[in-house]
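Have a look at the structure below, then the notes.
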Amino acid sequence: MILIKSNSQIAEMRKANQIVRDTLKLLQDHTKAGVSTWELNRLAHEYIVSQHAVPSFLNYNGFPASICVSIDCEVVHGIPSKRKVLEEGQIVSYDCGAILNGWHGDAARTVAVGIISPECQQLIDVTEQCFFKGVNAIVAGETRLGDLGHVIQSYAESYGYGVVRDLVGHGIGRQMHEDPEVPNFGKEGHGMRLSAGMTIAVEPMITMGTEKVDWGSDGWTVKTRDHKPAAHYENTIAITDNGIEILSL
Ligand code: MG
Ligand code: MG
């Protein structure tokens with residue numbers, strides 16, 4: 001069931017998403033070789049709580065931390081750990097969610113640890129561009145989920161990249177994951193139309209090689225099957241009659 005949000009509900013979601021946005025900025029500012037991912041988790045947790053919000057990932061289906069930190073071939077859902085320390089040349093994806101006054105925010109960024117290869121920088125840039133190409137193409141009441149997925153997929157594949165099939169974006173509101181599913185791939189003219197009042201998280205997960213992924217032995221961490229790097233870029237957006245608002249920017 002799709003839950004349509006009023007303008008005042010979207011305003012509440014904007015506040016939650018601004019906390020997520022600022023948490024991601026804080027993480028980006030503290031990204032450097034030698035920092036443990038547990039320390040980054042602690043920073044994010046304390047910031048979210050200081051804003052009177054709740055880190056929505058903590059204990060979500062038993063997830064043991066407040067953010068996901070996924071390095072290089074880890075696509076999403078990496079678990080922060082004192083033993084997992086950032087190293088020069090890595091790419092690191094932060095995924096963060098917060099609940100404020102019962103409303104959810106959800107966003108993700110992939111950033112460089114120090115100097116990275118041009119190939120990794122291009123992967124990060126193209127993943128971000130996939131989000132904007134897709135979202136900028138949305139027209140309320142016209143664009144279908146398949147159209148959005150098609151824009152993202154064809155742009156990523158024009159660089160020879162893989163588009164992860166096993167994980168997708170989602171509706172968001174009073175729950176972190178609401179209907180509909182929002183794939184980063186699809187056929188033009190297929191799927192549900194996106195209409196005013198829908199709030200969705202659009203989150204391309206793009207790989208340098210195969211789009212095939214596997215779940216790690218911890219039950220959470222999703223890695224590329226060929227162990228090539230992956231990037232993730234996500235924002236929560238609101239579809240309105242006046243265009244798209246990116247709530248987590
Ligand atoms: Mg997320
Ligand atoms: Mg999400």
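Listing for the model above:
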read-out: Per residue accessible area in Å² of segment 1-146, where ligands, DNA and RNA are left out and the probe is 1.4 Å; value: 43 Å²
read-out: Extension gain, residue 154 back to residue 121 (0.36 nm per residue minus Cα-Cα distance, nm); value: 9.9 nm
read-out: Rounded percent of accessible protein surface that carbon and sulfur make up, segment 97-144, 1.4 Å probe; value: 49 percent
read-out: Against the rule of thumb 2.2 N^0.38 Å, how large the Cα Rg of segment 46-127 comes out; value: 1.20
read-out: Surface/4 estimate of mean projected area, convex hull on alpha-carbon atoms of segment 1-98, nm²; value: 7.4 nm²
read-out: Over the chain: helical MRE at 222 nm, DSSP H runs n ≥ 4 each giving -39500 (n - 2.57), nearest 500; value: -9500 deg cm²/dmol
read-out: Translational diffusion of the chain, µm² s⁻¹ [Kirkwood Rh, Cα pairs; Stokes-Einstein; 20 °C; 1.002 mPa s]; value: 120 µm²/s
read-out: 15 Å tail of the calculated P(r), segment 111-194, as % of Cα pairs; value: 61 percent
read-out: Accessible-area order (highest first, 1.4 angstrom probe) of the listed residues 74, 245, 119, 234; value: 119, 245, 74, 234
read-out: Cβ crowding within 10 Å averaged over residues, with 154-163, 102-111 ranked highest first; value: 102-111, 154-163
read-out: Relative contact order (%) - the chain, alpha-carbon pairs under 8 angstrom, separation at least six; value: 23 percent
read-out: Segment 41-59 and segment 179-196: distance between their alpha carbon centers, rounded to Å; value: 31 Å
read-out: Normalised alpha carbon radius of gyration of segment 171-249 [divisor 2.2 N^0.38 Å]; value: 1.30
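The values are calculated or read from the model by the stated rules, or taken from the named source; none is laboratory data. Computed from a predicted structure; not experimentally measured. Cβ atoms come from the backbone with ideal geometry, glycine included; neighbour counts cover every protein chain shown. Only protein heavy atoms, including side chains, enter the accessible area calculation; ligands, DNA and RNA are left aside. Shrake-Rupley method; radii C 1.70, N 1.55, O 1.52, S 1.80 Å.
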